[in-house]
Structures are given as C-alpha cells and as structure tokens.
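J.: Quick one: the structure is below, and I'll ask about it shortly.
The values are calculated or read from the model by the stated rules, or taken from the named source; none is laboratory data. Everything numeric in this text was worked out from a predicted model, so none of it was measured. Glycine gets a Cβ as well: all are built from the backbone with ideal geometry, and neighbour counts include every protein chain shown. Surface areas here come from the heavy atoms of the whole protein model, side chains and all, with no ligands, DNA or RNA. Shrake-Rupley method; radii C 1.70, N 1.55, O 1.52, S 1.80 Å.
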Amino acid sequence: KKIHDAGIRSVTVAMPSLIDIVKASGLDLEIKGSTLCMVVNGNKAEAFKNMGVDKIVADESLNRDFSALRTIRNRFGEKVELIANAICHKNCVYRMFHYNQMTEDSVAIANRNSIDYYSHRCLLQRYNDVSDLLRLSFIRPEDLHHYTAIGIQYFKLQGRQAVLKGDPVRAAEAYMRGSYDGDLMELLDMFDPTSQFRVRIDNKKLDGFIDPFIKTPGFCRNDCPQCNYCASMASRLIDREPAKDVIQLARQFYEEYDGFNKELNSIGQSSTGDGNRGEIDIDIDL
C-alpha cells in the first residue's frame, strides 16, 4: 500500500508467496517475475502466468538457448524479458546460495566474510580459464535482433552498483543503437568495474560468435570439454598472454586476502596444532 501510494505501479517479485500477497491486495500493481524464479522452460513460464504474473524474466542461463526461449515466449506471451548484460558464470554452483546470502546481508549487519565469500568466488569462476569469459550469458547490442526475431522485445540492463560511479546511460544508448565499439567487459559492468582485474575483449571481434547457437538447435550441451567452441573462439579473440597474467594476479589476490579462506586455514591449524593429523578420539564412560 505504501509503495502504491508513492506512485509505483510495477513490482518485481521473486517469491510465489509474495506474488499471492500482491494479488490479494487488490492494488493495480503489475507483477514481474524475477530471474530468481528460474524460469527455464515453457511449463514453469505458464505456471507463473497462471499465478497472475504479468511479465517474466527468463533465467539468464537460457540466453543462448533459442529453442527454450521460443517455447517460453509461445507459452507465456509477449512479455518475456531477458537480462542482456549478464555477468554471472553460466551454471554457477554458487548462484542460488549467493542470492540467499545477499537477501540476509541486506537486512542485517553482516560479517565481511559472508559478504565477500560469493562475490570473490563469482569472479574466480570467470577466471578459471580465459575461455570462461565467453561462457558468460551476455547478449551483445549487435545481437538483439536475433531475439526480437523470435518475439522477445523486452531487455533488462542490470547494475544497481553502477548508478553512482558507472555510466548506465551510455550502456543503454549502446543497446538502443544496437552497436558498441570497445571493451565488452566494460559495457557489461556499465563502465563501473566490479574488480581491478580486467581482461579486455574487443566487442566487434565477437561478430558471428552467436551464430551456431541460432542455427543449430541444442548446439550448447553444457559439456564444455567435449564441445570446445568457446575455448577455440577465445584463443582467436583474446590476447591470451596478458589475460593469463591478469588471471594469475586475480587468483593470487583472492586466495590470499579472502577472509573465508583465512578462517578455513585457522580451523586447519587449530586441529593439527599438536602435530597430529587432526583425528579426534572420543572416550565415553558409562
């Protein structure tokens, strides 16, 4: 009621229970299902539609799965939205837990180790190998027309953290033009780097990179060692030696300064401080 009185007419919601509450309020609020709803197929899209969701943000891991996106568009309707500047590692094992951690840390005074744990590992996931940067689920401005061709016309640029120091307007302009000449990673971060460890990717060199995903249904089987497409493209598009230096520095920095790692080391030291291997003997007297 308070946000409605303030003039808000659209809310993005991540929880089915909250969707029910918004609907029960009787207020004229458009409900957009967050990407946290993890809509990955047509069945889930239609289920949220039946709950009263007006617009849905598809799971960003689908950004190059045109068959799945086409099905979701057909089942849900025209109001399907995609996050264009996705920077998360595809199929990241930390993702849902990271969301939960951010929820808790946003409403309480959090431990620094809690805040840094996932953000540090998020970046390091991208830097397991140079080719991992091409496995991010980004959509380039030049490739938007492939999505509008299957009926998707809503795109979101994420980046709350970039509002103060970045340039969201410049990023939006690039997507509106459908063209960007410069470092792709800067664009995805809305010109507010999330770390000092930067690997440059010339955006224009990625022209045609997405073509196999469009032309061959099921092209990405999420089996990178067997496919090798992103790795082979990375070797041609990214200057590997400078990139390797950046990756090495990033891994060294986060491994040395990560508070959680220090906690783990202290646990290990305390359990082996007397020279044994850390076994615990328990005697129970009855």
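J.: Rounded, prolate or oblate: which fits segment 219-267 when a ≥ b ≥ c are the square roots of the eigenvalues of the alpha-carbon gyration tensor, with rounded for a/c under 1.5 and prolate only if a/b beats b/c? Display every interim value, and only then the final one.
T.: On the way: a/c = 5.32, a/b = 1.79, b/c = 2.96.
It is oblate, given that a/c is not under 1.5 and a/b is not larger than b/c.
J.: Which value at 222 nm does the chain reach when only helices count, each DSSP H run of 4 or more adding -39,500 (n - 2.57), with the total divided by all residues and rounded to the nearest 500 deg cm²/dmol? If you can, show how the numbers build up before the last one.
T.: Working: 14 runs with 129 residues, N = 286.
Taking each H run of at least 4 residues, the total per residue is -13000 deg cm²/dmol.
J.: Further question: Hey, can you find the accessible area per residue of segment 90-198 for me, probe 1.4 Å, expressed in square angstrom?
T.: Details: 5700 Å² over 109 residues.
On a per-residue basis, segment 90-198 sits at 52 Å².
J.: Specify the inter-centroid distance of segment 178-203 and segment 1-52, based on alpha-carbon positions, in whole Å.
T.: A separation of 32 Å, based on Cα centres.
J.: Further question: Amide H neighbours of Glu30 under 5 Å, counting only residues 5+ apart in sequence or on other chains, H built in-plane at 1.01 Å?
T.: Ser10, Val11
J.: I want to verify the translational diffusion coefficient of segment 69-127 in µm²/s; compute it with Stokes-Einstein, Rh as the Kirkwood radius over Cα pairs, at 37 °C and 0.692 mPa s. Don't skip to the answer; put the middle values down first.
T.: Working: Rh = 13.7 Å.
Here the translational diffusion coefficient equals 239 µm²/s.
J.: Leaving ligands, DNA and RNA out of it, work out the accessible area of Tyr99 with a 1.4 Å probe and give it in Å² to the nearest 10.
T.: 30
J.: Follow-up. Averaging sequence separations of C-alpha pairs under 8 Å and six or more residues apart, then dividing by the length of segment 1-108, give the relative contact order as a whole percent. Display every interim value, and only then the final one.
T.: On the way: 127 pairs, mean separation 22.4, N = 108.
Normalised by residue count, the contact order of segment 1-108 is 21 percent.
J.: What label, among (1) 66, 54, 39; (2) 50, 48, 40; (3) 61, 44, 41, belongs to Cα extents along the principal axes in Å computed from the structure on display?
T.: Among (1) 66, 54, 39; (2) 50, 48, 40; (3) 61, 44, 41, the one calculated here is (1).
J.: Further, regarding this structure: Hey, can you grab everything whose amide H is under 5 Å from the amide H of Lys156? Only 5+ residues off in sequence or another chain; H modelled, so Pro and N-termini drop out.
T.: Here the answer is Leu82, Ile83, Ala84, since their amide H atoms fall under 5 Å of that of Lys156.
J.: A further question follows. Step through the table entries Lys32/Lys262; Lys165/Lys205; Lys23/Lys156; Lys205/Lys244, compare each Cα-Cα distance with 29 Å, and write down the pairs that go over it. Write out the running numbers ahead of the final one.
T.: Values: Lys32/Lys262 41 Å; Lys165/Lys205 27 Å; Lys23/Lys156 24 Å; Lys205/Lys244 19 Å.
Those over the limit are Lys32/Lys262.
J.: Using packing as a proxy for protection, rank 152-162, 38-48 so that the peptide with the highest average count of other Cβ atoms within 10 Å comes first.
T.: Working: 152-162: 15.9, 38-48: 18.2.
Per-residue Cβ counts within 10 Å, averaged per peptide and sorted highest first, yield 38-48, 152-162.
J.: State, as an integer percentage, the relative contact order of the chain based on alpha-carbon contacts under 8 Å between residues 6 or more apart.
T.: Relative contact order, the chain: 16 percent.
J.: Carbon and sulfur atoms: what percent of the 1.4 Å accessible area of segment 1-114 do they account for?
T.: Values: 3300 of 5950 Å².
Answer for segment 1-114 is 56 percent, counting heavy atoms of protein chains only.
J.: If you don't mind, another one. For segment 1-100, state the semi-axes of the equivalent ellipsoid (square roots of 5 times the eigenvalues of the alpha-carbon gyration tensor), sorted largest first and rounded to whole angstrom. It would help to have the intermediate numbers written out before the result.
T.: Working: eigenvalues 119, 53, 28 Å².
Values for segment 1-100, descending: 24, 16, 12 Å.
J.: Let me ask something else about it. Could you name the aspartates and glutamates whose alpha carbon sits less than 20 Å from that of Lys79, not counting residues in the same chain fewer than 8 places away?
T.: Candidates past the 8-residue exclusion: Asp20, Asp28, Glu30, Glu46, Asp54, Asp59, Glu60, Asp65, Asp143.
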